[in-house]
Every structure is written in structure tokens, then in C-alpha cells.
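See below for the structure under consideration.
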């Protein structure tokens with residue numbers, strides 16, 4: 001009996017185990033989706049990764065002091081100012097737009113004693129919150145393109161700091177310890193007159209621009225471009241690089257896996273990747289769009305530290321980054337000075353960018369110094385163009401990037417005046433007394 005009982009127990013265990021194993025086999029579902037997504041993921045390092053604070057940076061700082069206006073484009077100075085600001089504790093953020101009338105808005109922004117930190121394009125506040133020591137209420141879903149505070153008359157324990165959207169006339173006020181502004185006053189504001197003096201130009205009753213009082217002398221530069229590995233872009237952008245076919249075409253090279261396409265334009269040193277299947281069906285909010293855009297380039301370490309955030313369109317799901325040289329924006333009509341992304345619902349739809357870097361100019365003896373036409377001249381040319389000034393947004397000295405006409409292996413940077421109109425930058429054209437065009441280029 002004992003032996004039969006043991007046999008029955010063993011048989012029962014074996015049958016139960018068999019049933020459990022069979023059930024697991026029937027019900028097991030491998031995570032095919034996860035395997036599919038991760039099968040081809042690899043670490044791609046094309047250039048470098050960047051922190052968001054190095055990408056979203058001011059283009060200039062204006063100091064309104066002693067009834068004059070001084071402007072710094074110095075990148076080291078701007079970095080010092082921003083690194084200090086990131087350590088300030090900001091509290092009680094609130095919208096006070098209703099307290100400043102439309103007619104007094106520009107006077108409020110450019111008030112005597114103000115320091116005005118200007119960015120190239122409006123920035124979602126929710127993205128920038130991660131860089132600030134901001135306490136209190138939830139950050140509003142707004143944008144700003146200037147940080148403004150009075151650095152001259154500092155009284156009491158707390159002072160006001162404003163996040164301002166020049167286009168929409170929104171003003172968000174926060175409070176900051178006055179000791180921070182006193183420190184800024186000592187190290188920056190009191191020394192503002194070492195920077196070039198600028199003059200105000202009232203474009204419309206609601207927009208004032210500040211341009212150099214004296215003519216600016218800038219060097220033209222020549223660079224030997226350092227080409228980036230195009231195959232690394234292929235590996236980073238296509239889901240399965242092993243299935244990608246390369247074909248030589250008249251304009252350069254073409255890569256495709258049957259659904260996505262990457263054109264490489266060797267003449268202009270740019271790539272243009274398109275994934276038609278990822279067309280835009282869902283609109284991401286500006287803060288999500290910008291963060292995702294920066295993360296995307298970081299994923300393949302595709303940054304050059306000379307590229308800065310320069311524009312965002314939530315309607316088009318488009319984000320732009322521009323090349324800056326010594327604080328001046330760089331322009332090129334073919335897209336050689338920009339990184340442009342257009343996003344679909346769940347991933348990148350279009351990605352256009354240069355595949356070269358310009359780290360080292362040729363020796364100084366090969367550069368030439370030229371005097372940029374005056375601000376007065378630039379404004380006169382704008383007036384002659386009969387523009388609708390309500391659509392006018394900005395004007396700046398920048399660099400025109402082109403292939404050197406004397407040596408196709410070199411890239412040339414030449415100073416020129418540019419203006420922003422209806423969301424796009426273009427050159428201010430002119431003709432010399434001899435009737436020849438100068439300062440060309442278009443973007």
C-alpha cells in the first residue's frame with residue numbers, strides 16, 4: 001500500500017506539472033513590440049550631446065543706463081549672467097499683463113535702469129522652469145522672449161523679475177531676493193558702458209528695436225569644413241540600417257529603406273531626411289515639442305556647440321536651431337546654417353541639417369575686416385522696401401555663409417544686415433553707386 005501510495009503521489013505531481021507547462025506554452029506571448037523597437041538601437045555619437053541650458057540661450061543683453069543703451073553679444077558674458085540667474089530663487093510667479101497698458105508696454109520693457117535679456121524666439125515657460133529655481137504656483141502654459149528686471153534702483157528685501165513676451169504683450173512677474181540684483185549690478189550693470197552703445201528705432205508704436213550707434217567693423221572668415229560621417233546619420237535615423245540601400249544621384253547620395261528617405265546634398269553639405277509615414281496627425285504643445293526636439297539630437301549626439309535654439313512653431317510642429325559665430329547669427333539660403341525638425345505624431349517626420357562643422361578658421365592673415373553699413377542705412381533700406389511694418393519683427397547684423405567662389409573647398413562668412421519679417425529672416429539688399437548689388441544672400 002505504501003508503494004502504491006507513493007506512486008500515486010508522484011503521478012499526480014507529474015500530471016500537474018505537465019498541465020502547468022502546457023498552459024504556460026499556450027499563453028506565453030513574447031514582447032515582440034519591445035524586441036522590434038530595441039533590435040537596432042545602438043549608441044550613435046556623431047558629434048556631442050548638450051544640456052538644454054547650452055541650447056536655449058539669449059542672443060543679447062541690453063543695459064538701459066544713464067539714458068543710453070548698451071548691448072552685449074559676448075557669449076562668455078551671457079553665460080556668466082545666465083549661470084548666476086539659474087541660482088536665484090524665484091517665487092510668486094503670476095500674470096500681471098492686465099496691469100500694463102498696451103500703449104505703455106514698450107516703455108515698461110525698455111525702462112531706464114532695466115537689464116533686458118533677449119532670446120532669439122519665444123520659449124515655453126514650462127521648459128525653462130527646469131533651469132530655474134522657481135517656487136510657488138504651477139508654471140503657466142505661456143512663452144517669453146525676454147527676462148527683464150531693474151538693476152539700478154534696488155530697494156527692499158525683494159525685487160521684481162519679469163518674463164515677457166514682446167509679441168503677445170504678456171508679462172509674468174516673479175519675486176527675487178534683492179541681494180541677487182545687487183550682485184548683478186556690481187558685476188555687470190555698472191560696467192555696461194564697456195559695450196557698444198545702441199540707439200532706439202521706433203518701428204511701430206508697439207515695437208522698438210535697438211541698433212548700433214556707431215558703424216560696426218567685423219572680419220570675414222574662411223573655414224575648412226570638417227565633414228561629419230554620413231553613415232552615422234543613416235544608422236541614427238533609419239529603424240533598420242542594414243536594410244538601407246544607397247544610390248548615387250546627380251545631387252549627391254540617396255538612402256532609402258523603402259519607406260524613409262535621406263538625401264545627401266554634397267554641394268551644400270546638408271542632409272534631408274523624410275519619413276512620410278510619420279506625417280503630422282497630433283499636435284504637441286510647445287514645451288513637449290521643444291524638449292523632444294533637443295532629446296532627439298542628443299540621442300545621436302548630433303550637436304555642434306555653435307547651434308542655438310532660434311525658433312518654434314506649434315502649428316507646424318517645427319523647431320529650428322541656428323549657427324552663431326561670436327554672438328552673431330549665421331544665415332544661408334540653402335539651409336547650411338540651420339538644423340530644422342518637423343515632427344509627426346510619434347517621431348520625427350523631417351530632419352534637415354548640415355553635415356559639417358566649422359571649428360577652426362584659417363589663419364588671421366587670410367581674413368579681411370570690413371565696416372558694416374550703418375543702422376541708419378539699414379532702416380532707410382527697409383523703408384524703401386515698402387514693408388507692412390506690422391509684420392516686421394526684428395533686424396540684426398549677421399553673417400552670410402556661402403561656398404567660397406574662389407575655392408570650393410572653403411566656407412566663407414561675411415557680415416551683412418538681416419531682417420525678420422513674417423517669421424522669416426532675409427537679407428537687406430542694396431545697390432552701390434555703380435549699380436552693383438552687395439550684401440546678398442537670402443533665407
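Filtering 131, 93 for residues that are modelled with pLDDT under 95 and surrounded by 20 or more Cβ atoms within 10 Å (Cβ to Cβ) leaves a single hit, 93. On the given criteria, is residue 266 in contact (Cβ under 8 Å) with a residue 12 or more places away in the chain and in contact with a strand residue (DSSP E or B) (Cβ under 6 Å, 6 or more places away or on another chain)? Yes.
Taking the criterion of being over 26 Å from residue 361 (Cα atoms) and in a helix (DSSP H, G or I), the residues of the range 232-275 that qualify are 234, 235, 236, 237, 241, 242, 243. Residues in the range 387-415 that are modelled with pLDDT of 90 or more and out of contact with any strand residue (DSSP E or B) (no Cβ under 7 Å at 6 or more places or on another chain): 388 alone.
Among strands (runs of 3 or more DSSP E) entirely within the range 55-144, having at least 3 residues that are over 21 Å from residue 393 (Cα atoms) and in contact (Cβ under 8 Å) with a residue 60 or more places away in the chain singles out 89-95. I'd like the residue in the range 207-252 that is closer than 24 Å to residue 401 by Cβ and without any contact (Cβ under 8 Å) to a residue 60 or more places away in the chain and, out of all such residues, is surrounded by the fewest Cβ atoms within 10 Å (Cβ to Cβ). Taking the candidates together, the pick is 250. Strands (runs of 3 or more DSSP E) fully within the range 316-428 that include at least 3 residues being touching a helix residue (DSSP H, G or I) at 6+ places or on another chain (Cβ under 9 Å), within 30 Å of residue 277 (Cβ to Cβ) and not assigned by TED's automatic domain parsing to the domain that holds residue 58: 318-325, 338-343, 348-354.
The values are calculated or read from the model by the stated rules, or taken from the named source; none is laboratory data. Note that the coordinates shown come from a computational prediction; the quantities given were computed from them, not determined experimentally. No Cβ is skipped: glycine too gets one built from the backbone with ideal geometry, and neighbour counts run over all protein chains shown.
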